[in-house]
1. Among the strands (runs of 3 or more DSSP E) contained in segment 1-95, which hold 2 or more residues that are without any contact (Cβ under 8 Å) to a residue 40 or more places away in the chain?
2. Could you check how many residues of segment 1-28 are in contact with a Phe, Trp or Tyr (Cβ under 6 Å, 6 or more places away or on another chain) and of a type in the set (Asp, Glu)?
3. Kindly provide the set of residues from segment 78-96 that are within 23 Å of Asn25 (Cβ to Cβ) and either surrounded by fewer than 17 Cβ atoms within 10 Å (Cβ to Cβ) or of a type in the set (Val, Ile, Thr) (or both), ordered by number.
4. Being out of contact with any helix residue (DSSP H, G or I) (no Cβ under 8 Å at 6 or more places or on another chain) and under 23 Å from Gly55 (Cβ atoms) is the filter; apply it to segment 71-92 and report the residue that is modelled with the lowest pLDDT.
5. Could you tell me which numbered condition Ser52 fails, if it satisfies all but one of (1) buried (at least 19 other Cβ atoms within 10 Å of the Cβ); (2) over 14 Å from Val121 (Cβ atoms); (3) of a type in the set (Gly, Ala, Ser)?
6. Determine, yes or no, whether Thr18 is crowded, with 16+ Cβ neighbours inside 10 Å, over 22 Å from Trp131 (Cβ atoms) and touching a strand residue (DSSP E or B) at 6+ places or on another chain (Cβ under 8 Å).
Amino acid sequence: MKSIIVDKWIFTVDTEVTSEYYKTNSLCDCAPCRNYFALVEEHYPKITEFLSQFGIDIQRPIETAWWERDKNEKTVDYIAYYAVNGTAEGSQYEIDMDTLNIVVQDSKHSPNTDIDKPYFVFGICNPVLPWGLDESYDFVFSKKEKRQFWKSLFNRK
């Protein structure tokens, strides 16, 4: 275990356990998520560096949420979640980094993990990325496609 101090936070983490988790966690295969995986490291090097000190691969979040930011500019707004083996102690809600907020959450508020050790979660709020896939942005964000995606996500008919 090692200690990492950021702002008013003290993180006690096992980077090896965290790193091993990110080698095997499964990823969503939808187009907006694949866009995130492909572009986030290049567009957000400070966040990449921040997360890597905890053993996190920025291209392998445990969960993402996304929505169309600007149809004319073809940009997508995201929230991405990353789990860290260890504990977080702090007196503030988030860490500000440039235009992004890093929300620190305990495991009881965690999306989509199967970690059996103590952990906390970073929520990276509002990274905005251009559309970088060969797939049609307009098709992916059409009302019909979005409806089908959300129905499949919640297994609704």
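The values are calculated or read from the model by the stated rules, or taken from the named source; none is laboratory data. On a predicted model such as this, the values are computed, not experimentally measured, just so you know. Cβ placement follows ideal geometry from the backbone for every residue including glycine, while neighbour counts extend to all protein chains displayed.
1. Working: elements: 2-6, 9-13, 63-70, 75-90.
Fully inside segment 1-95 and qualifying: 2-6, 63-70.
2. Final tally of qualifying residues: 0.
3. Filtering segment 78-96 down to residues within 23 Å of Asn25 (Cβ to Cβ) leaves 78-88, 95.
Ile79, Val84, Thr87, Ile95 - these are the residues of segment 78-96 that are within 23 Å of Asn25 (Cβ to Cβ) and either surrounded by fewer than 17 Cβ atoms within 10 Å (Cβ to Cβ) or of a type in the set (Val, Ile, Thr) (or both).
4. The extreme case among them is Gln92.
5. Condition (1) is where Ser52 drops out.
6. Numbers: crowded, with 16+ Cβ neighbours inside 10 Å: yes; over 22 Å from Trp131 (Cβ atoms): yes; touching a strand residue (DSSP E or B) at 6+ places or on another chain (Cβ under 8 Å): yes.
Spelling it out, Thr18 is indeed crowded, with 16+ Cβ neighbours inside 10 Å, over 22 Å from Trp131 (Cβ atoms) and touching a strand residue (DSSP E or B) at 6+ places or on another chain (Cβ under 8 Å).
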